[in-house]
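So the structure is just underneath, and the comments pick up after that.
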Amino acid sequence: MRLKPGSAECSPRFVSDFLPTSVFKSPTIAAMFSTKLFAALATLVAAAASASAAAPSKVLHPALNETWVIHQARRIVWDTSDIPDTTITGDILLGYRQPNSNDEHLDTEHPVATNVPITAGEVVVPVPEVAEGSTYFVKLFNSDDYVSDQFIIKSLAGW
């Protein structure tokens, strides 16, 4: 049997439909249950909203739609406020995204910088010789928290 929108079989169901009627005979119990249910739902909605909101990038440069030219020196700058004082080093990788895809296409074979102290906060790198494009990004230390916004790479001739 197929349910039709608006029919009695397809009408919204309430919590009270699934609990014994004795629970709702007391207005105090009914009000307490409704308040707690509403609070729980509000908490879930708030958590889902904050999880779906993108956190700001901890990579400050390159900025969104900034243009880099192949073979020129460029600074990569990142926020170090959450990094403990450490001597740990890491690599910086160049990647790109294709339209309608979340794949990172990281160039792990040719890092743009290696053994960078994570507390340094910046490094200057030569822009690698790659195909021109507008969906490049850098990823620091293989951390999802340290991914730049998308930027553009052009050849000197295309600039």
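The values are calculated or read from the model by the stated rules, or taken from the named source; none is laboratory data. Keep in mind it's a predicted model, so treat the numbers as computed, not measured. Positions of Cβ are backbone-derived with ideal geometry, glycine not excepted, and every protein chain shown enters the neighbour counts. All accessible areas refer to the heavy atoms of the entire protein, side chains included, with ligands and DNA or RNA removed. Shrake-Rupley method; radii C 1.70, N 1.55, O 1.52, S 1.80 Å.
Annotations
- Highest average packing first - 84-91, 73-80, 98-105, Cβ atoms within 10 Å: 73-80, 84-91, 98-105
- Total formal charge among the other residues, if their Cβ is under 12 angstrom from that of S134, Lys/Arg +1 and Asp/Glu -1: -1
- Annotation: per residue accessible area for segment 74-159 equals 59 Å², rounded to a whole number [probe 1.4 Å, protein chains only].
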